[in-house]
Amino acid sequence: MSERIFIGVAWPYANGPLHLGHIAGAYLPADIFARYHRMKGNEVVMVSGSDTHGAPITLQADKEGVSPRELFERYHKLFLQVWQQFGISFDLYTHTDTENHHRISQKMFLRLKERGYLLVQKQLQMYSEASQRFLPDRYVIGTCPHCGYERARGDQCERCGSLLEPTQLLNPRSLLDGTTPVLKETEHFFLDLPAFEERLKSYVSEHENIWRPNVHRFTRNYLEQGLHPRPITRDLDWGIPVPVEGFEGKVLYVWFEAVIGYLSATVEWARLKRDEGRGMGDEWKEFWYDETTKSFYFIGKDNIPFHTLIWPAELMGVERLDDADGNVKFVLPYDVPANEFLNLEGDKFSTSRNWAVWAHDVVQRYNPDTFRYYLTAIAPETADTEFTWADFVRRNNDELVGWWGNLVHRVLTFTARNFDGCVPHPTELTDRDKEVLQQAEQMLSTIDNLLSTCKFKRALAEAMEFVRSLNRYWDEQQPWQVVKTDKQRTGTVCYVTLRAIDSVKVALAPFLPFTCERLHHMLGYEGKVVGDFEVQEISETERTHLALIYKPESVSLRWQPSELPPRQRFRDIAPLFAKLDEKVAEEEKAKLGKPMEG
RNA sequence: GGCGGCGUAGCUCAGUGGCAGAGCACGCGGCUCAUAACCGCGGGGUCCAGGGUUCGAAUCCCUGCGCCGCCA
């Protein structure tokens with residue numbers, strides 16, 4: 001039976017490049033999940049986009065002396081490239097500075113207001129009289145009251161790590177103009193989170209057995225500490241304007257508005273389908289209103305409360321985008337498979353110290369599937385884990401080259417040489433042959449179960465364990481000896497092994513689409529595995545933006561055991577993976593912490 | 001200060017009450033179809049320490065030590 005699966009992936013701030021911690025934490029597992037479900041014949045929409053608002057963007061833009069738009073458009077473009085190169089198959093990857101997103105965010109805000117879920121409260125905030133504007137916490141620097149560091153930020157001291165309020169800083173000054181800011185009263189909207197407390201409690205306990213233990217525990221603790229109203233507007237000139245009279249010059253707080261992107265991007269996706277004549281434009285409703293839809297949100301652990309509490313509260317409060325949509329309610333997150341953090345060579349990833357492996361950089365020098373493999377094998381699904389270049393090289397050489405690549409290569413070259421470049425016809429199968437074919441089906445169904453519950457690491461390990469058993473089968477049958485006396489039996493062994501390899505290809509396709517596509521081709525099949533991407537320039541009334549669109553219909557491979565036809569002709573047999581020299585590990589590691597090239 | 005996580009073989013890690021596991025590294029052997037790849041056998045552990053519960057604890061509880069994260 002076909003399922004409908006919504007996949008939301010964290011919206012990255014477009015203020016700097018993406019590193020492998022981002023890819024391993026959210027984008028890669030989401031993509032594996034989407035590819036798996038599409039192969040199963042399920043209806044999938046996977047969306048995300050660049051977060052273009054918030055202080056991190058304006059700070060970086062000020063630092064570089066460019067406009068926020070110039071800054072985010074540069075990184076947005078870079079992200080579009082990275083998704084294509086890593087094969088991250090977003091049905092739509094857009095950004096938050098579209099008219100569509102602005103409109104829907106404002107609508108959500110107004111519906112919350114109408115329904116009485118917003119409070120107005122006065123706050124004191126740092127204000128620069130010289131610049132005539134309010135200062136976000138990060139725009140105030142001063143001396144840290146704990147360690148005496150003179151350039152501590154208003155939200156946190158970077159030297160001692162203490163979390164701060166800007167009012168705690170000694171000798172505070174504005175990052176904009178160096179003057180001493182004053183406290184000034186300002187009025188803001190707050191989301192009345194306590195009003196949702198009971199509903200959130202039952203929502204969370206209903207999902208206890210679905211969510212990963214750490215996600216549930218974290219959420220429950222957060223709830224038990226008590227919910228407080230949270231400000232959802234800010235005094236800033238960059239962002240989505242608050243659509244209320246008297247609040248001119250204020251914008252929606254980025255944490256409130258960015259999660260709405262999941263919804264607005266689905267609306268945009270449906271509209272684009274309509275514009276291409278492939279739909280009615282309201283397909284987003286099935287994903288957001290039909291209670292049989294399961295929605296999954298792939299994020300890092302720092303984002304858990306926003307997706308298990310705050311976003312559900314927004315959805316509960318708004319109920320539906322428009323009363324004309326009928327008596328329907330938004331689908332709440334079904335699972336939030338948040339990952340822990342990936343560390344790098346014994347330390348945290350750090351953009352400012354350039355202690356990072358940059359996605360756009362390495363993907364040009366290495367096979368993207370090698371990263372997809374390694375990052376899944378070490379995925380921080382239940383605990384923080386460690387990326388090391390030495391381990392990366394070892395796993396490539398031992399596991400991808402030695403176990404899987406070598407199996408494919410030894411079997412294909414041997415078979416092609418002895419059977420005229422074609423899949424041989426099997427004769428009678430021995431019990432051992434039947435066992436191997438049965439194990440291949442078993443492997444697919446085990447991995448099916450693991451993937452449907454987001455256990456990617458174990459699913460991959462299961463496939464590799466089966467690969468090793470195929471190397472054993474091949475060794476034990478010794479076709480290179482048997483061929484001297486019994487060509488028919490040799491053909492059967494080749495056939496059985498090829499069928500099993502073909503099934504492994506199916507199991508690995510969500511993980512390693514690029515090399516599985518090459519294998520698909522070598523085995524003589526037509527059709528694509530990675531699938532086509534398209535970057536479109538989308539025009540709205542006043543603005544245009546770039547979006548990435550994946551074409552799922554360009555892939556024909558389905559999740560089912562191999563039915564490899566005898567006599568099918570091989571093509572272009574070549575190794576799937578290249579061995580990496582161990583010096584690579586030393587060289588890459590030596591680059592860490594040094595200023596970026598270029 | 002509060003909450004939480006982690007501590008298992010030389011390394012990276014799996015293991016939620018029933019004889020301590022995998023991969024790599026190391027030692028020995030087999031094979032030669034294959035990218036010196038593949039396959040088999042072996043050595044190697046005070047499961048951080050101490051206490052408790054239990055017929056039985058790496059696993060559950062308490063305390064301590066060490067590392068890490070979140071919040072205040």
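The values are calculated or read from the model by the stated rules, or taken from the named source; none is laboratory data. It should be emphasised that the depicted structure is a prediction, and the values quoted were computed from it without experimental measurement. Virtual Cβ from ideal backbone geometry, glycine too; neighbours counted across all protein chains shown. Side chains included, ligands, DNA and RNA excluded: accessible areas come from the protein's heavy atoms. Shrake-Rupley method; radii C 1.70, N 1.55, O 1.52, S 1.80 Å.
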Under the helix-only model (-39500 (n - 2.57) for each DSSP H run of 4 or more, divided by the residues of chain A), the mean residue ellipticity at 222 nm, to 500 deg cm²/dmol, is -12000 deg cm²/dmol
Cα-based Rg of the stretch A:15-78 per 2.2 N^0.38 Å, rounded to two decimals?
1.46
Bridge orientation stat for chain A from DSSP, antiparallel percent rounded to 5, came to 65 percent
Please report, to one decimal in angstroms, the Kirkwood hydrodynamic radius of the stretch A:381-431 built from all distinct Cα-Cα pairs.
14.1 Å
In the P(r) worked out for the stretch A:226-285, what percent of Cα pairs fall beyond 16 Å?
59 percent
Along principal axes, Cα extents of chain A, largest first, whole Å
93, 58, 46
Spatial separation of Cα centroids for the stretch A:445-481 and the stretch A:315-331, in angstrom
45 Å
Between their Cα atoms, which of A:LYS77/A:LYS455; A:LYS285/A:LYS329; A:LYS107/A:LYS329; A:LYS113/A:LYS250; A:LYS40/A:LYS551; A:LYS107/A:LYS250 are more than 21 Å away from each other?
A:LYS77/A:LYS455
Positive-pole candidate from A:GLY8, A:ASN397, A:VAL244, dipole of chain A, charges at beta carbon:
A:ASN397
Find the percent of Cα-Cα distances in the stretch A:198-339 that exceed 17 Å, and round it to a whole number.
66 percent
The stretch A:522-598: translational diffusion in µm²/s, Stokes-Einstein, Kirkwood Rh over Cα pairs, 10 °C, 1.306 mPa s:
87 µm²/s
Give, rounded to the nearest 20 debye, the magnitude of the charge dipole that chain A has about its Cα centre when Lys and Arg contribute +1 at Cβ and Asp and Glu contribute -1 at Cβ.
1240 debye
Run the paramagnetic zone check for A:ARG543: 7 angstrom along Cα to Cβ, then residues of the stretch A:64-84 with backbone nitrogen under 15 Å.
A:67-77
Where only protein heavy atoms count, and the probe is 1.4 Å, what is the accessible area per residue for chain A in Å²?
42 Å²
Distance from the Cα centre of the stretch A:535-567 to that of the stretch A:1-76, in angstrom?
17 Å
Using the Cα atoms of the stretch A:353-488 to build a convex hull, what is its mean projected area in square nanometres?
11.2 nm²
The stretch A:151-278, relative contact order [Cα under 8 Å, separation at least 6], %:
15 percent
With +1 at each Lys and Arg Cβ and -1 at each Asp and Glu Cβ, the charge dipole magnitude of the stretch A:297-407 around its Cα centre, to the nearest 20 debye, comes out at 300 debye
